[in-house]
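Q: Pasting a structure below so you can have a look.
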Amino acid sequence: MQITSVRLVNYRCFRDSGEVNLSKFSVLIGRNDGGKTSFLKAIDKALNRDSSFDSDDCWFEVVDGQEKRETELQVYIRLKNNEGTQYHVRTTYTRADKTIVWHLESEVVEHDDLNQDFAQLGLDNLKNLCIKYGIEADGPQNRKSTFTDAVVAYRGTLPKKQGWSELPSNIASLLPKVNLYASVEETGPDKAI
(Lines give C-alpha, C1' and ligand atoms only; values in the text may rest on other atoms or scores of the structure.)
Protein backbone atom coordinates (compact mmCIF):
# COMPACT_ATOMS: atom_id res chain seq x y z
CA MET A 1 0.00 0.00 0.00
CA GLN A 2 1.45 3.35 -1.04
CA ILE A 3 0.57 6.78 0.34
CA THR A 4 -0.24 8.99 -2.64
CA SER A 5 -1.17 12.22 -0.85
CA VAL A 6 -1.64 13.80 2.57
CA ARG A 7 -3.59 16.84 3.67
CA LEU A 8 -3.43 18.31 7.19
CA VAL A 9 -6.14 20.66 8.47
CA ASN A 10 -5.67 22.47 11.80
CA TYR A 11 -2.80 20.18 12.74
CA ARG A 12 0.03 21.86 14.66
CA CYS A 13 1.61 24.47 12.33
CA PHE A 14 -0.68 23.58 9.41
CA ARG A 15 -3.88 25.60 9.11
CA ASP A 16 -4.46 23.73 5.85
CA SER A 17 -1.50 22.14 4.09
CA GLY A 18 -3.45 21.56 0.90
CA GLU A 19 -3.08 18.18 -0.73
CA VAL A 20 0.60 17.17 -0.74
CA ASN A 21 1.27 14.53 -3.39
CA LEU A 22 3.77 11.82 -2.52
CA SER A 23 5.50 9.17 -4.58
CA LYS A 24 7.20 5.91 -3.57
CA PHE A 25 10.20 8.00 -2.59
CA SER A 26 9.55 11.54 -1.38
CA VAL A 27 11.81 14.04 0.32
CA LEU A 28 10.61 16.73 2.73
CA ILE A 29 12.75 19.85 2.63
CA GLY A 30 12.18 22.90 4.81
CA ARG A 31 13.63 25.25 7.36
CA ASN A 32 13.92 24.34 11.04
CA ASP A 33 10.51 24.39 12.76
CA GLY A 34 8.86 24.38 9.33
CA GLY A 35 6.62 21.39 10.05
CA LYS A 36 8.53 18.47 8.52
CA THR A 37 8.38 16.35 11.68
CA SER A 38 4.77 17.39 12.36
CA PHE A 39 3.86 16.26 8.85
CA LEU A 40 5.42 12.84 9.48
CA LYS A 41 3.92 12.52 12.97
CA ALA A 42 0.46 13.19 11.57
CA ILE A 43 0.88 10.32 9.09
CA ASP A 44 2.25 8.10 11.85
CA LYS A 45 -0.66 8.81 14.22
CA ALA A 46 -3.33 8.51 11.54
CA LEU A 47 -2.17 5.28 9.91
CA ASN A 48 -1.21 3.55 13.14
CA ARG A 49 -4.61 4.54 14.57
CA ASP A 50 -2.73 6.15 17.43
CA SER A 51 -4.90 7.61 20.16
CA SER A 52 -2.28 10.12 21.35
CA PHE A 53 -3.71 13.14 19.50
CA ASP A 54 -4.33 15.90 22.03
CA SER A 55 -5.30 19.55 22.20
CA ASP A 56 -1.67 20.64 21.70
CA ASP A 57 -1.89 19.11 18.21
CA CYS A 58 -4.62 21.60 17.22
CA TRP A 59 -3.54 24.64 15.24
CA PHE A 60 -3.69 27.96 17.06
CA GLU A 61 -3.05 31.63 16.56
CA VAL A 62 -2.61 34.50 18.99
CA VAL A 63 -5.19 37.28 18.60
CA ASP A 64 -4.99 40.33 20.85
CA GLY A 65 -2.67 38.45 23.18
CA GLN A 66 -5.07 35.51 23.51
CA GLU A 67 -4.39 32.04 22.18
CA LYS A 68 -7.22 30.84 19.95
CA ARG A 69 -6.95 27.12 19.38
CA GLU A 70 -9.04 25.21 16.83
CA THR A 71 -11.54 22.73 18.22
CA GLU A 72 -10.91 19.99 15.67
CA LEU A 73 -8.13 18.70 13.43
CA GLN A 74 -8.18 16.37 10.43
CA VAL A 75 -5.57 14.25 8.70
CA TYR A 76 -6.55 13.09 5.19
CA ILE A 77 -4.49 10.34 3.56
CA ARG A 78 -4.96 8.89 0.09
CA LEU A 79 -3.53 5.43 -0.51
CA LYS A 80 -3.27 3.00 -3.39
CA ASN A 81 -2.62 -0.74 -3.25
CA ASN A 82 -0.65 -2.80 -5.80
CA GLU A 83 -3.85 -3.58 -7.73
CA GLY A 84 -4.60 0.15 -8.12
CA THR A 85 -7.50 0.27 -5.64
CA GLN A 86 -7.55 3.70 -4.01
CA TYR A 87 -8.58 4.57 -0.46
CA HIS A 88 -9.16 7.97 1.14
CA VAL A 89 -8.92 7.87 4.94
CA ARG A 90 -9.77 10.76 7.28
CA THR A 91 -8.74 10.94 10.92
CA THR A 92 -10.56 13.52 13.05
CA TYR A 93 -9.65 14.60 16.58
CA THR A 94 -12.16 16.75 18.49
CA ARG A 95 -10.84 18.71 21.49
CA ALA A 96 -14.12 19.09 23.38
CA ASP A 97 -14.68 15.39 24.01
CA LYS A 98 -11.17 14.17 23.11
CA THR A 99 -12.50 11.74 20.53
CA ILE A 100 -10.59 10.35 17.58
CA VAL A 101 -12.56 8.90 14.68
CA TRP A 102 -11.27 7.21 11.54
CA HIS A 103 -13.41 7.38 8.38
CA LEU A 104 -13.23 6.07 4.84
CA GLU A 105 -14.56 8.04 1.90
CA SER A 106 -17.08 5.78 0.22
CA GLU A 107 -20.65 5.53 -0.93
CA VAL A 108 -22.92 6.22 2.03
CA VAL A 109 -26.65 6.18 2.64
CA GLU A 110 -28.74 8.87 4.34
CA HIS A 111 -28.95 7.09 7.71
CA ASP A 112 -25.64 7.19 9.64
CA ASP A 113 -26.40 4.00 11.56
CA LEU A 114 -26.50 2.12 8.25
CA ASN A 115 -22.98 3.34 7.38
CA GLN A 116 -21.38 1.50 10.30
CA ASP A 117 -18.93 -1.39 10.20
CA PHE A 118 -21.54 -4.11 10.73
CA ALA A 119 -18.83 -6.68 11.48
CA GLN A 120 -18.12 -4.77 14.70
CA LEU A 121 -21.75 -4.78 15.91
CA GLY A 122 -23.15 -7.35 18.29
CA LEU A 123 -26.20 -9.49 17.65
CA ASP A 124 -28.52 -7.25 19.72
CA ASN A 125 -27.42 -4.10 17.85
CA LEU A 126 -28.02 -5.80 14.50
CA LYS A 127 -31.46 -7.00 15.63
CA ASN A 128 -32.30 -3.44 16.71
CA LEU A 129 -31.33 -2.10 13.26
CA CYS A 130 -33.63 -4.66 11.68
CA ILE A 131 -36.48 -3.62 13.96
CA LYS A 132 -35.85 0.10 13.40
CA TYR A 133 -35.94 -0.19 9.60
CA GLY A 134 -38.48 -3.02 9.35
CA ILE A 135 -35.93 -5.42 7.87
CA GLU A 136 -36.89 -9.08 7.80
CA ALA A 137 -33.99 -11.40 8.64
CA ASP A 138 -34.48 -14.87 7.16
CA GLY A 139 -32.51 -17.65 8.81
CA PRO A 140 -31.51 -18.74 12.31
CA GLN A 141 -32.45 -15.93 14.70
CA ASN A 142 -29.52 -16.65 17.02
CA ARG A 143 -26.83 -16.06 14.38
CA LYS A 144 -25.16 -12.72 13.85
CA SER A 145 -24.63 -13.48 10.15
CA THR A 146 -28.42 -13.74 9.62
CA PHE A 147 -28.90 -10.14 10.71
CA THR A 148 -25.68 -8.81 9.16
CA ASP A 149 -26.69 -10.22 5.77
CA ALA A 150 -30.20 -8.74 6.10
CA VAL A 151 -28.93 -5.25 7.02
CA VAL A 152 -26.29 -5.29 4.25
CA ALA A 153 -28.91 -6.36 1.69
CA TYR A 154 -31.31 -3.62 2.84
CA ARG A 155 -28.54 -1.00 2.71
CA GLY A 156 -27.79 -2.12 -0.85
CA THR A 157 -31.29 -1.07 -1.94
CA LEU A 158 -30.94 2.51 -0.66
CA PRO A 159 -29.74 5.52 -2.72
CA LYS A 160 -26.08 6.35 -2.14
CA LYS A 161 -23.86 9.41 -2.35
CA GLN A 162 -20.16 10.05 -1.80
CA GLY A 163 -19.39 10.68 1.87
CA TRP A 164 -17.54 9.49 4.95
CA SER A 165 -18.32 6.33 6.88
CA GLU A 166 -16.66 4.57 9.78
CA LEU A 167 -13.39 2.93 8.70
CA PRO A 168 -14.26 -0.76 8.26
CA SER A 169 -12.02 -3.19 10.16
CA ASN A 170 -11.16 -5.10 6.97
CA ILE A 171 -9.79 -1.87 5.39
CA ALA A 172 -8.09 -0.73 8.62
CA SER A 173 -6.13 -3.98 8.65
CA LEU A 174 -4.75 -3.17 5.17
CA LEU A 175 -3.36 0.25 6.13
CA PRO A 176 0.43 0.38 6.17
CA LYS A 177 2.21 0.58 9.50
CA VAL A 178 4.45 3.58 9.99
CA ASN A 179 7.70 3.56 11.94
CA LEU A 180 8.78 7.09 12.81
CA TYR A 181 12.14 7.64 14.46
CA ALA A 182 12.82 11.02 16.06
CA SER A 183 16.57 10.64 16.09
CA VAL A 184 18.86 7.98 14.65
CA GLU A 185 21.18 8.28 17.67
CA GLU A 186 18.44 7.67 20.27
CA THR A 187 15.69 5.57 18.71
CA GLY A 188 16.82 4.58 15.25
CA PRO A 189 15.87 1.36 13.47
CA ASP A 190 18.95 -0.41 14.87
CA LYS A 191 17.56 0.16 18.42
CA ALA A 192 14.22 -1.44 17.52
CA ILE A 193 15.81 -4.89 17.13
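The values are calculated or read from the model by the stated rules, or taken from the named source; none is laboratory data. For clarity, every value in this text was computed on a predicted model and none was experimentally measured. Because the Cβ atoms are built from the backbone with ideal geometry, glycine has one as well, and the counts that use them run over all protein chains shown. To get the accessible areas, we keep the full protein, side chains included, count just its heavy atoms, and leave off ligands, DNA and RNA. Shrake-Rupley method; radii C 1.70, N 1.55, O 1.52, S 1.80 Å.
Q: Within the stretch 16-23, is even one residue in contact with a Lys or Arg (Cβ under 6 Å, 6 or more places away or on another chain), open to solvent by 70 Å² or more (accessible area, probe 1.4 Å), free of Cβ contacts under 8 Å to residues at least 24 places away in the same chain and not in a loop (DSSP other than H, G, I, E, B)?
A: Within the stretch 16-23 (the criterion being in contact with a Lys or Arg (Cβ under 6 Å, 6 or more places away or on another chain), open to solvent by 70 Å² or more (accessible area, probe 1.4 Å), free of Cβ contacts under 8 Å to residues at least 24 places away in the same chain and not in a loop (DSSP other than H, G, I, E, B)), the answer is no, since none of the residues qualifies.
Q: For ARG31, are the conditions met, namely being more than 19 Å from the chain's Cα centre (by Cα) and of a type in the set (Lys, Arg)?
A: yes
Q: Which residue pairs have Cβ atoms under 6 Å apart, sit 6 or more places apart or on different chains, and have a first residue in the stretch 116-134 that is free of Cβ contacts under 8 Å to residues at least 40 places away in the same chain and a second that is part of a loop (DSSP other than H, G, I, E, B) and crowded, with 17+ Cβ neighbours inside 10 Å?
A: CYS130/ALA137
Q: Within the stretch 49-58, which residues are on the phi < 0 side of the Ramachandran plot and surrounded by fewer than 18 Cβ atoms within 10 Å (Cβ to Cβ)?
A: ASP50, SER51, SER52, ASP54, SER55, ASP56
Q: Return yes or no: is VAL151 in contact (Cβ under 8 Å) with a residue 12 or more places away in the chain, in a helix (DSSP H, G or I), crowded, with 18+ Cβ neighbours inside 10 Å and of a type in the set (Val, Ile, Thr)?
A: Criteria met by VAL151.
Q: Given the residues VAL109, VAL62, VAL75, which is the only one that is out of contact with any His (no Cβ under 6 Å at 6 or more places or on another chain), under 22 Å from GLY35 (Cα atoms) and surrounded by 14 or more Cβ atoms within 10 Å (Cβ to Cβ)?
A: So the residue among VAL109, VAL62, VAL75 that is out of contact with any His (no Cβ under 6 Å at 6 or more places or on another chain), under 22 Å from GLY35 (Cα atoms) and surrounded by 14 or more Cβ atoms within 10 Å (Cβ to Cβ) is VAL75.
Q: Now for a separate question. Name the single residue that is farthest from GLU110 (Cα to Cα) among those in the stretch 134-148 being in contact with a Leu (Cβ under 9 Å, 6 or more places away or on another chain) and open to solvent by 40 Å² or more (accessible area, probe 1.4 Å).
A: ASN142
Q: Just give me the residues in the stretch 78-100 being loosely packed, with under 13 Cβ neighbours inside 10 Å and assigned to a strand (DSSP E or B), in sequence order.
A: Within the stretch 78-100, GLN86, THR99 qualify.
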